[in-house]
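For reference, the structure discussed in these notes is given below.
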Amino acid sequence: MSRAATASSAPGPGAINHTLAVDVGGTKIAAARVDADGRIVERGEVPTRGADGEDLFGHLLDLLDPLLSVGPVEVCGVGCGGPMADRGNSVSPLNIPQWRGFPLRSRLAGCLGVPVAVDNDAKALALGEGWRGAAMGHRNFLAMVVSTGVGGGVVLDGRLLDGAAGNAGHIGHVVVDPAGPQCACGSRGCLEAMASGTALERELGESPEGASEEVRRRTGRLVGRAVASVVNLLDLPLAVVAGSVALGFGAPFFEAAQAELDLGCGLEFTRGARVVPGGLGADGPLVGAAAVGRSLLGYPCLGEGGPPDAGGTAW
């Protein structure tokens with residue numbers, strides 16, 4: 001049976017039943033079936049590997065096969081590392097050299113036979129945290145991923161910011177130390193070059209899972225410094241931080257991040273801004289990808305439930 005034959009050709013008149021969610025990261029690609037309440041029903045993952053772009057795409061399709069065999073899906077949502085262009089139809093993740101200008105959205109749509117939406121993975125997380133996570137009900141917040149790389153998504157006045165090419169919110173390339181190491185983007189001292197899992201592994205010579213408390217707190221301070229810049233620029237009261245590094249480093253990381261954020265937010269309108277762990281935990285990227293798919297079909301993901309900042313409509 002073809003992949004397209006296992007998927008529903010169009011959404012039904014009622015609520016979405018199951019969304020096919022895909023999270024493309026530098027270390028692994030994860031996928032899941034996510035129900036209308038944001039619960040993961042079935043899931044799987046594979047390492048991000050492939051001799052070239054087509055080989056990697058083939059591994060992705062192999063990952064999706066068993067999830068599609070369970071039953072139909074109405075839409076596919078994808079969170080992918082950036083940068084990207086044309087609403088995800090061309091992706092060039094810095095941490096995935098096999099894909100440079102890879103037409104991910106159109107290739108997936110052709111194989112699956114359902115609508116496909118692709119967005120930056122951190123922007124997807126922002127939608128997920130606003131839909132079912134720590135930012136439920138908030139109309140103004142930053143969501144961040146501190147993992148293999150560092151990315152972000154900004155929700156302002158109840159809307160997820162896109163930017164000219166869909167890459168708005170890329171906090172990983174805020175400079176936190178001008179004398180710091182060179183970043184893959186060409187600049188020096190970017191947050192991603194100092195706080196990402198890749199940067200930490202390079203520095204420590206081993207997985208950051210075993211990092212000392214000093215390294216965990218230093219990483220938190222760098223993240224808090226970058227968050228303060230964004231909070232001051234955009235008048236945001238909340239930053240939700242997820243990803244394997246941030247969540248794995250735990251309390252020392254978040255205590256240091258909050259302390260640095262407090263130091264950097266002395267203006268009347270930024271005082272009291274908070275940085276909190278993502279509410280979706282390890283499921284955040286996949287729930288976020290599902291939210292990307294739902295939003296393509298017009299289902300609201302922001303401003304539902306929780307304590308609203310100032311009311312208003314969802315994105």
What number of residues in region 42-56 are in contact with a helix residue (DSSP H, G or I) (Cβ under 9 Å, 6 or more places away or on another chain) and either free of Cβ contacts under 8 Å to residues at least 24 places away in the same chain or under 16 Å from Val287 (Cα atoms) (or both)?
-> 7
Set Glu209, Glu214, Glu192, Glu203: member being in a helix (DSSP H, G or I), of a type in the set (Asp, Glu) and closer than 19 Å to Gly151 by Cβ = Glu192
Total residues in region 227-267, condition outside any helix (DSSP H, G or I) and touching a residue at least 60 places away in the same chain (Cβ under 8 Å) = 9
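Here's the yes/no breakdown for (1) within 16 Å of the chain's Cα centre (by Cα); (2) polar (S, T, N, Q); (3) surrounded by 22 or more Cβ atoms within 10 Å (Cβ to Cβ); (4) closer than 27 Å to Leu60 by Cα:
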| residue | (1), (2), (3), (4) |
| --- | --- |
| Trp99 | no, no, yes, yes |
| Leu125 | yes, no, yes, yes |
| Ala143 | yes, no, yes, yes |
| Gly152 | yes, no, yes, yes |
| Val155 | yes, no, yes, no |
| Glu192 | yes, no, yes, yes |
| Leu204 | no, no, no, no |
| Ser207 | no, yes, no, yes |
Unmet criterion (only one of (1) assigned to a loop (DSSP other than H, G, I, E, B); (2) surrounded by fewer than 24 Cβ atoms within 10 Å (Cβ to Cβ); (3) on the phi < 0 side of the Ramachandran plot; (4) not charged (D, E, K, R)) for Ser106 = (1)
Within region 176-189, the residues that are assigned to a loop (DSSP other than H, G, I, E, B) and among the polar types (S, T, N, Q) are Ser187
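Residues are listed down the side, and each one gets a yes or a no for (1) loosely packed, with under 14 Cβ neighbours inside 10 Å; (2) in contact (Cβ under 8 Å) with a residue 40 or more places away in the chain; (3) more than 17 Å from the chain's Cα centre (by Cα):
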| position | (1), (2), (3) |
| --- | --- |
| Gly163 | yes, no, no |
| His173 | no, no, no |
| Gly186 | yes, no, yes |
| Gly189 | no, no, yes |
| Ala211 | no, no, yes |
Residues (at pLDDT below 95, within 15 Å of the chain's Cα centre (by Cα) and over 17 Å from Leu161 (Cα atoms)) located in region 285-315 | Pro285
Considering every residue within region 142-153, establish whether at least one is over 21 Å from Gly248 (Cβ atoms) and either of a type in the set (D, E, K, R) or at pLDDT 95 or above (or both).
-> no
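The values are calculated or read from the model by the stated rules, or taken from the named source; none is laboratory data. As the structure is a prediction and not an experimental result, all values here were calculated from the model. No Cβ is skipped: glycine too gets one built from the backbone with ideal geometry, and neighbour counts run over all protein chains shown.
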